[in-house]
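Enquirer: Okay, here's the structure, questions in a sec.
The values are calculated or read from the model by the stated rules, or taken from the named source; none is laboratory data. The structure displayed is predicted, hence computed values, not measured ones. So basically every Cβ, Gly included, is an ideal-geometry build from the backbone, and we count neighbours across all protein chains shown.
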Amino acid sequence: MASLSSALCYLCFLLLFLALVCECSRGKFEAYHTIDIQTLLPRDVCSSTEASPSPSPSRASLKVVHRHGPCSPLRLKQNPDHKQMLDRDQSRVNAIHTRTTTNADLQANAANSIPAHTGDSLGTGNYVVTVGFGTPRRDQSVIFDTGSDVTWIQCRPCPSCYQQREPVFDPSHSSTYANISCSSSYCSELDLSSCTSSTCVYGVQYGDNSYTTGFLAQDTLTLTSSQVLSNFRFGCGENNDGLFGEAAGLLGLGREKVSIVSQAFPKFGGVFAYCLPSTSSSTGYLTFGGGSTFSNVKFTPMLTGRNTPSHYYLDLVAIYVGGQRLSISPTVFSDAGTIIDSGTVISRLPPAAYSALRSAFRQLMSRYKSAPALSILDTCYDFSGYSQISIPTVALQFGGGITTILDSSGILYVASKSQACLAFAGNSGAKDVGIIGNVQQRKFNVVYDVAKKAIGFSPNGC
Ligand SMILES: *[C@@H]1O[C@H](CO)[C@@H](O)[C@H](O)[C@H]1NC(C)=O
């Protein structure tokens, strides 16, 4: 008897010890990043890294560039300024919030069976990839967006197109192009559609009042020379206007049936991954397929929003600043929910979570001189006179017990050396969905596996 209870006691201690070791190692990462401030500022010339996951015959890998940086084929003479970019970011977030809450209200009204479509979010959509449409292939640089589903490009004759950099796609010059008829089930899968002389007409209205309408079509989509999707369905946009810069259109990476992820499911198994570069003067990648060949990726469950099935939800449970876990009730995160979005720039947190993050961050940054707020960013610093700075680490913990330490380029939004701001903002309502934005995703290899319903992260992807 005595030996049994001492054995149990021993076991208890062992478990307690393991639990402690576990706790310690979980919180065990550096409290500060020491960084050369120059590395946070974009350069005037593109430094293409060509970084991408190990080549695999089952994978297609595209180069990702920032729309306004020197690596972009779409660089404008006059880029929008930081305030404009951040204001547009807020329009995108407002659209996401309206869509999530409006649909939630409609859900309560069970009699309403018409899908509500208050507008996909667009706004900034900062990253572009170049893909080929038609036969022979015509290269088109498109915004890639995990927050919407319909892929579209501007098409001739285009009675109402905005100006784009590359020649506008001409369906009559493609031998593999076909219109899709109104009776096709593909037409009824669209959120917004109508019919003109039995040809299916699609429409997408984005939250910032940008829009595209035209014919639903199919044609060959060339991702890479060895990865080609035939009969890819997309919008041939004849009437388009909005904040698309000079991009030819948009690649929709959402979760609904019309998205490229769903259409290419037989080929790539619902797996794609990307790495967003640390500054606008370097490059990243977007890959499709190759699911089992990713190494060092830590996965968290991919959740589904009841009201917005196209968004990728995940379970944010805690935030660490300077290695310390912020004291935020888990219900603060679970009441709002969290999505990950390639097109939102600045991460949004529930108000209680943001204020805890901000006060911890300010405390650890008190040695630096503060700078004026910038649009939605209220915690800014003046680093003039410094060549190296020391900023607290920020880590996000997700369901499944994974902790991702943000890259040192994923904490500040650096407008200039004298105005660098904490790149997070608070939502206005406690029920507004939280968003993991693209600054925080920088340099992670972010893997989406729709079949396994998992989202994974590994550091230093590009
Ligand atoms: C597609 O439909 C539009 C509208 O009916 C028509 O003008 C166009 O010629 C059609 N294109 C093809 C290739 O059938």
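Enquirer: Starting from region 242-260, take each residue that is over 25 Å from His68 (Cβ atoms) and list its partners that are among the β-branched types (Val, Ile, Thr) and buried (at least 22 other Cβ atoms within 10 Å of the Cβ), counting only C-beta distances under 6 angstrom and pairs at least six apart or across chains.
Expert: Sorted first by the residue in region 242-260, then by its partner, the pairs are Val258/Val150.
Enquirer: From the list Cys200, Cys195, which residue is within 12 Å of the ligand (Cβ to nearest atom) and touching a helix residue (DSSP H, G or I) at 6+ places or on another chain (Cβ under 6 Å)?
Expert: Cys200
Enquirer: Quick check, is Ala360 touching a residue at least 60 places away in the same chain (Cβ under 8 Å) and either part of a loop (DSSP other than H, G, I, E, B) or over 21 Å from the mean Cα position of the chain (by Cα) (or both)?
Expert: Working: touching a residue at least 60 places away in the same chain (Cβ under 8 Å): no; either part of a loop (DSSP other than H, G, I, E, B) or over 21 Å from the mean Cα position of the chain (by Cα) (or both): yes.
No, not satisfied.
Enquirer: Among the residues of region 176-192, write down those that are near the ligand (Cβ under 10 Å from one of its atoms) and part of a loop (DSSP other than H, G, I, E, B).
Expert: Listed by number, the residues that qualify are Tyr177, Ile180.
Enquirer: Of the residues that make up region 211-218, is at least one within 16 Å of the ligand (Cβ to nearest atom), aromatic (Phe, Trp, Tyr) and out of contact with any Ser or Thr (no Cβ under 6 Å at 6 or more places or on another chain)?
Expert: The answer is no, given that none of the residues of region 211-218 is within 16 Å of the ligand (Cβ to nearest atom), aromatic (Phe, Trp, Tyr) and out of contact with any Ser or Thr (no Cβ under 6 Å at 6 or more places or on another chain).
Enquirer: Just the residues that are modelled with pLDDT under 95, surrounded by fewer than 18 Cβ atoms within 10 Å (Cβ to Cβ) and of a type outside the set (S, T, N, Q), please, taken from region 117-138.
Expert: His117
Enquirer: Now for a separate question. Of these, Ala395, Ala415, which one is in a strand (DSSP E or B), touching a Cys at 6+ places or on another chain (Cβ under 8 Å) and surrounded by fewer than 23 Cβ atoms within 10 Å (Cβ to Cβ)?
Expert: One residue alone meets the criteria, Ala415.
Enquirer: Check off (1) more than 13 Å from the ligand (Cβ to nearest atom); (2) outside any helix (DSSP H, G or I); (3) touching a strand residue (DSSP E or B) at 6+ places or on another chain (Cβ under 6 Å); (4) modelled with pLDDT of 90 or more for Val258 and give me the number that stays unchecked.
Expert: Exception for Val258: condition (3).
Enquirer: I've got another one for you. Out of everything in region 139-175 that is of a type outside the set (A, V, I, L, M, F, W, C), within 16 Å of the ligand (Cβ to nearest atom) and crowded, with 16+ Cβ neighbours inside 10 Å, what residue ends up being farthest from the chain's Cα centre (by Cα)?
Expert: To start, the set of residues in region 139-175 that are of a type outside the set (A, V, I, L, M, F, W, C) comprises 139-141, 145-149, 151, 154, 156-157, 159-160, 162-167, 170-175.
From the residues that got through so far, the ones that are within 16 Å of the ligand (Cβ to nearest atom) too are 154, 156-157, 159-160, 170-175.
Retained after the next criterion (residues that are crowded, with 16+ Cβ neighbours inside 10 Å): 154, 171, 174.
On the way: Gln154: 23, Pro171: 30, Ser174: 32 Å.
Residue satisfying both the conditions and the ranking: Ser174.
Enquirer: Of all the residues that make up region 231-255, how many are farther than 21 Å from Val450 by Cβ, within 16 Å of the ligand (Cβ to nearest atom) and surrounded by fewer than 20 Cβ atoms within 10 Å (Cβ to Cβ)?
Expert: 2
Enquirer: Let me ask something else. In this structure, is Gly207 away from the ligand (no atom under 11 Å from the Cβ) and modelled with pLDDT of 95 or more?
Expert: Considered against the rule, which asks whether it is away from the ligand (no atom under 11 Å from the Cβ) and modelled with pLDDT of 95 or more, Gly207 comes out as no.
Enquirer: Among all residue pairs at least 6 apart or on different chains, which show Cβ distances below 8 Å where the first residue, located in region 421-438, is farther than 17 Å from Gly305 by Cα and the second is surrounded by fewer than 24 Cβ atoms within 10 Å (Cβ to Cβ) and basic (Lys, Arg)?
Expert: Pairs that qualify, where the first residue is farther than 17 Å from Gly305 by Cα and the partner is surrounded by fewer than 24 Cβ atoms within 10 Å (Cβ to Cβ) and basic (Lys, Arg), are Leu422/Arg358; Phe424/Arg358; Gly426/Arg358.
Enquirer: Which of the residues spanning region 193-226 are assigned to a strand (DSSP E or B), closer than 27 Å to Thr308 by Cβ and in contact (Cβ under 8 Å) with a residue 40 or more places away in the chain?
Expert: Answer for region 193-226, where residues must be assigned to a strand (DSSP E or B), closer than 27 Å to Thr308 by Cβ and in contact (Cβ under 8 Å) with a residue 40 or more places away in the chain: Tyr202, Val204, Gln205, Tyr206, Thr212, Gly214, Phe215, Ala217, Gln218, Leu221, Leu223.
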